[in-house]
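Structure first, commentary second.
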Amino acid sequence: MDKVESIVKHGYSLAQEVGDVLLILTETGRTYKILKKYLGDNKDLKIVVATPNENTYSMLKEEKNIIPLHLKYRNRYKSAMIKQAMIKLLQNNLVKERDTVVAILGTPRSGSVDTISLVEVASNDFLLRFCKFINSLQGIKRLVVNEVLDIAMELSIEGREGKPVGTIFVVGDSKKVLKMSSQLILNPFKGHDALVFDKKVRGTIKELAGIDGAFIIGDKGEVISAGRYLEPLSCTLNLPLGLGARHYAAAAISKHTGAVAITVSESGVVRIFKGGEIVVEIDPNRLDRECFIPCI
């Protein structure tokens, strides 16, 4: 038995003993093909196979007894890979508070599986906060916020043309948001039926992310405007020291409207605002410390 097969076999055994979810992270699907040899009756164990490779994802969708998951972007580090996958598990209601996830993965782009990781949702402040926030959203708005968060995470990791970029997304309650904002440039989305779920629209948003102003996105995912200057009413906000005008504008617009605001800082930190407060902070680019920063 080679090293990879041994890791897969022992990871699967550990998941059967202590886990609620077995998470396989794979580029080519090879890890899952090895796992298939050992799969038995797994009524109490969810098996999720996640990949950023579209061809691999298409192949996995044809498989039975697993849940395929498409990751929208590639991470540089193993810790960030796990956190991205955990976000997707929470977004899709595949894990809940107190669940234990056993993950099998390798160093990104190396093609070699070398790690078994155990994540307990109940012991991670970020995951609990994120879980509660996602569960507080209803229907289509939940899907829209999830999609915008994916775009924000992509910008955090990839930037634009390899350079860091900061921006704001404001999701929902768009009539009120438009009344509290003004156009800085000609609106590139005017007259277009652009939806945030469209792959081409996602690409356009990433290209425009470097311009000043915010993206305004409706409750159903329609991209209403880009380059919008937020002018919310002045108010008292309880935000950490060191945050700039972008974050204060996002917090204020979320306090005076029913919108959710998502910011990407030039340092790569993604922040979600609701009701004038930071719901959660995400730093996908951290290596040595936790990628997710619990808010106090």
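The values are calculated or read from the model by the stated rules, or taken from the named source; none is laboratory data. What you see is a predicted model, and the numbers here were worked out from it, not measured in a lab. Ideal geometry is used to build each Cβ from the backbone, glycine not excepted, and the neighbour counts take in all protein chains shown.
Just a few scattered comments:
- Considering the range 262-296, the residues that are over 16 Å from Arg129 (Cβ atoms) and of a type in the set (A, V, I, L, M) include one that is modelled with the highest pLDDT, namely Val264.
- Among (1) out of contact with any helix residue (DSSP H, G or I) (no Cβ under 7 Å at 6 or more places or on another chain); (2) β-branched (Val, Ile, Thr); (3) within 20 Å of Phe130 (Cα to Cα), the one test that Val102 misses: (1)
- Restricted to helices (runs of 4 or more DSSP H) entirely inside the range 1-95, those with at least 2 residues that are closer than 25 Å to Asn146 by Cβ and without any contact (Cβ under 8 Å) to a residue 60 or more places away in the chain are 54-60, 78-91.
- Flag if Ile104 is farther than 21 Å from Leu149 by Cα, buried (at least 17 other Cβ atoms within 10 Å of the Cβ) and in contact with a Gly (Cβ under 7 Å, 6 or more places away or on another chain): yes
- Test result for Ile47, assigned by TED's automatic domain parsing to the domain that holds Ala103, modelled with pLDDT of 90 or more and β-branched (Val, Ile, Thr): yes
- Within the range 32-44, the only residue that satisfies the criterion of being farther than 13 Å from Ile66 by Cα and at pLDDT 85 or above is Ile34.
- Condition met for Asn53 (modelled with pLDDT of 80 or more and within 29 Å of Arg202 (Cβ to Cβ)): yes
- Residue within the range 174-191 that is among the hydroxyl-bearing types (Ser, Thr, Tyr), outside any loop (DSSP other than H, G, I, E, B) and under 22 Å from the mean Cα position of the chain (by Cα) present: no
- Residue, nearest to Leu22 (Cα to Cα), within the range 48-84, restricted to residues that are buried (at least 19 other Cβ atoms within 10 Å of the Cβ) and of a type in the set (Val, Ile, Thr): Val48
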